[in-house]
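Okay, so here's the structure we're looking at.
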Amino acid sequence: MSLDSADNGAWAGLDGFQKILGHRSRLGICALLARNDELSFRRLKELLDENDGSLGAQLRKLEDEGYITVRKEFQDRKPVSWYQLTAVGRKRLEAHLAALSGLLGTEG
């Protein structure tokens, strides 16, 4: 079956897709933060196997769009950044995942 002949109802779920979450790292960041109250930059870097520059850029994009917040503190005189998913970020992540499930026909 071609996309042109696909049921239009199935494709209506694309409205829930969040373009910003199309990037592997940004989706991973949000998914990890959805399961944890907050995570440090260092821990996100380890879990996502990212370098500092790339991870920093992806975190900034999510922060600019209101998906996450950052809290900075010092531990043993070293700066530590803690990231947390916002309520808006959680809602958008859930909409994105629901759209994926709907597209795949796995929504329950």
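The values are calculated or read from the model by the stated rules, or taken from the named source; none is laboratory data. Just so it is clear, the structure is predicted and the values come from calculations on it, not from any experiment. For neighbour counting, all protein chains shown are included, and Cβ atoms are generated from backbone atoms with ideal geometry for every residue, glycine included. For accessibility, only protein heavy atoms count, side chains too; no ligands or nucleic acids. Shrake-Rupley method; radii C 1.70, N 1.55, O 1.52, S 1.80 Å.
Some points to look at:
- The single condition among (1) at pLDDT 95 or above; (2) touching a Ser or Thr at 6+ places or on another chain (Cβ under 9 Å); (3) open to solvent by 50 Å² or more (accessible area, probe 1.4 Å) that Gln58 does not satisfy is (3).
- Segment 40-65: number of residues that are under 18 Å from Ile20 (Cα atoms) and among the basic types (Lys, Arg): 2
- The combined condition, being open to solvent by 50 Å² or more (accessible area, probe 1.4 Å), assigned to a helix (DSSP H, G or I), of a type in the set (A, V, I, L, M, F, W, C) and farther than 20 Å from Gln18 by Cα, is not fulfilled by Leu97.
- Residues of segment 1-26 classified as open to solvent by 60 Å² or more (accessible area, probe 1.4 Å), at pLDDT 90 or above and not in a helix (DSSP H, G or I), total: 1
- Taken residue by residue, segment 27-35 has at least one member that is open to solvent by 80 Å² or more (accessible area, probe 1.4 Å) and at negative phi.
- Here is the figure for segment 31-48: residues that are within 25 Å of Gln75 (Cβ to Cβ) and in a helix (DSSP H, G or I) total 12.
- Restricting attention to segment 67-102 and to residues that are more than 12 Å from the chain's Cα centre (by Cα) and aliphatic (A, V, I, L, M), the residue that is nearest to Arg24 (Cα to Cα) turns out to be Leu100.
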